[in-house]
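Q: Before I ask anything, let me first share the structure, which is written out below as structure tokens.
The values are calculated or read from the model by the stated rules, or taken from the named source; none is laboratory data. None of the values given here were measured: they were computed from a predicted structure. Positions of Cβ are backbone-derived with ideal geometry, glycine not excepted, and every protein chain shown enters the neighbour counts.
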């Protein structure tokens, strides 16, 4: 197991920059998830770490050693591909032991490693099958088995669960986490699914347009997004983004929307237009006249919770509550923000304003 | 459910086409087993009143056909193996790498397929003669290989294209060099492609007449299509022997395809990716 250090890495495809100066340190044994929309460069970054693409500028270190020029085979990393990439002409056992056989590992050791890995993944009875005789979930497990059968410096996952149905995905998410807990292996996991990122990561790296937007624990990204991109990408239902104004008055500095006071903020906050981010579950519905007044647009019950779509001075707002509400469209309601539930962003840049505090 | 008439029509058309395609073959076989005295005396009949394999015996024992046959086997096998080797290497490069001048090179390969061969027989002869490669099987193999490689490169390239890149990437992550990944992972999956290319080149070389005729004047280096012409003499054509030789010339092609047909069946890559 090893730490991975990435400093100033850039990558272009022809004239198109894909990664623009990536700096990231992944600690030994850490589970890091790279997340972002398609085309954000997350998969490219993973392939650079793997050695499947050349690094244009910057330095990559694995266990403290520069590996920029090293071929993939010499980096001692294991990778699980989105398509699984199982060798179709080999049995499950041969697929899993290929790496060991390439290293001329003695037969008894190969057999032992194979037995241990297939036991861990519940593949014991499938070892003589060819990949085409396996279900999607089983293929996924074999791909995992191929990675864990040797003990590499780190695991790389390239959207490994995208081809599974929802139920299986949930189960594999849990199993990959459990494997990580058991093996303690440094893992870099690429996904476009923010739920996967939230549930699996020790740390999330949110990326957009070849730039890292924010690095932090799932809670940090959720509670204090660094900019509007992260605010909008992490969390479902998404964070409400509203246009408002910071006004310094006698009763302290407040945030208002269309004249209605929404919350008070710390006195140092720069007055003027501001973009507000509020998580739907941080909005409490009250009786009309208590707090800002909004109109109910639509009520969506999901069983677990109710999502209420509101109109607040012409701006759409979503709230999320586990209470059973009896609201009707067109009805006026009051709304209040819970303490600590407000993020402020600069309208011009979309960057978080540090002073924000509800 | 479609009506019975629909299927009758379909099978009827297929049967008609098959009969049309195979009839010349049948006719050649019929002539080869018709004794000489009946060939012209019985009129047009689907089957002679008396069958004899005398023509086969004559061809095998009293003509140079066994020699032509051996020459053809050597030339066709040599061409097929050489072309497929070059095509596999070239096809892999075209499919997997981007390199400077890739497009012009592919264009050039295509251009070589556009000239009528008659046009370049003379220059080729002029090139080979001083090298001592006329009247030689080696010369024929070289020429055939040169003419078959471009198309075979496209053929192999498309087969490599059909194999997901991730497979060799996975192999390289597992610790294989690119060459090991090619040999151990990609090549076994390209067997259908290799079989198809071998078959294509083999048959092309087996039936080639123009170069075999122009570059060779000696019997010793003649292939069987040239040999077939020997049955045409100034005053007569020995149809019986010619057809017997032709039928026998089909045997190796049939054996060849029988051997490779297992690999021609696609679907070896099924199950490699996705679910």
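Okay, residues lined up against (1) at pLDDT 85 or above; (2) away from chain A (no Cβ under 14 Å):
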residue: B:214; (1), (2): yes, yes
residue: B:219; (1), (2): no, yes
residue: B:222; (1), (2): yes, yes
residue: B:237; (1), (2): no, yes
residue: B:275; (1), (2): no, no
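Q: For residue B:177, state whether it is away from chain A (no Cβ under 14 Å) and surrounded by fewer than 18 Cβ atoms within 10 Å (Cβ to Cβ).
A: Working: away from chain A (no Cβ under 14 Å): no; surrounded by fewer than 18 Cβ atoms within 10 Å (Cβ to Cβ): yes.
No.
Q: Next question. In the range A:159-191, how many are within 12 Å of residue A:144 (Cα to Cα) and not in a helix (DSSP H, G or I)?
A: Residues in the range A:159-191 being within 12 Å of residue A:144 (Cα to Cα) and not in a helix (DSSP H, G or I): 2 in total.
Q: Tell me, which strands (runs of 3 or more DSSP E) lie completely within the range A:272-345 with 3 or more residues that are at pLDDT below 90 and within 33 Å of the chain's Cα centre (by Cα)? So that I can check it myself, show each step before the final result.
A: Values: elements: A:272-278, A:283-286, A:292-301, A:306-312, A:315-321, A:332-337, A:342-345.
Result: A:332-337.
Q: Could you tell me which numbered condition residue B:169 fails, if it satisfies all but one of (1) free of Cβ contacts under 8 Å to residues at least 40 places away in the same chain; (2) more than 14 Å from every other protein chain (Cβ to nearest Cβ); (3) assigned to a helix (DSSP H, G or I)?
A: So residue B:169 meets the others, but not (2).
Q: Then there is this: Pull up the range A:98-120, narrow it to residues that are within 18 Å of residue A:183 (Cβ to Cβ) and touching a residue at least 40 places away in the same chain (Cβ under 8 Å), then point me to the one that is farthest from the other protein chains (Cβ to nearest Cβ).
A: Checking each candidate, the answer is A:120.
Q: Could you tell me how many of the residues in the range A:233-247 are without any contact (Cβ under 8 Å) to a residue 60 or more places away in the chain and loosely packed, with under 15 Cβ neighbours inside 10 Å?
A: 1
Q: Quickly run through the range A:51-73 and pick out the residues that are within 14 Å of another protein chain (Cβ to nearest Cβ), surrounded by fewer than 20 Cβ atoms within 10 Å (Cβ to Cβ) and over 26 Å from the mean Cα position of the chain (by Cα).
A: A:70, A:71
Q: So is residue A:205 at pLDDT 90 or above and more than 12 Å from chain B (Cβ to nearest Cβ) or not? Before the answer, list the steps.
A: Details: at pLDDT 90 or above: yes; more than 12 Å from chain B (Cβ to nearest Cβ): yes.
Criteria met by residue A:205.
Q: Within the bounds of the range B:81-95, is there any residue that is under 24 Å from residue B:212 (Cβ atoms), outside the structural domain of residue B:158 (by TED's automatic domain parsing) and either in contact (Cβ under 8 Å) with a residue 60 or more places away in the chain or surrounded by fewer than 11 Cβ atoms within 10 Å (Cβ to Cβ) (or both)?
A: no
Q: Would it be correct to say that residue B:108 is exposed (fewer than 15 other Cβ atoms within 10 Å of the Cβ), in the same structural domain as residue B:215 (by TED's automatic domain parsing) and under 30 Å from residue B:232 (Cα atoms)?
A: It is false that residue B:108 is exposed (fewer than 15 other Cβ atoms within 10 Å of the Cβ), in the same structural domain as residue B:215 (by TED's automatic domain parsing) and under 30 Å from residue B:232 (Cα atoms).
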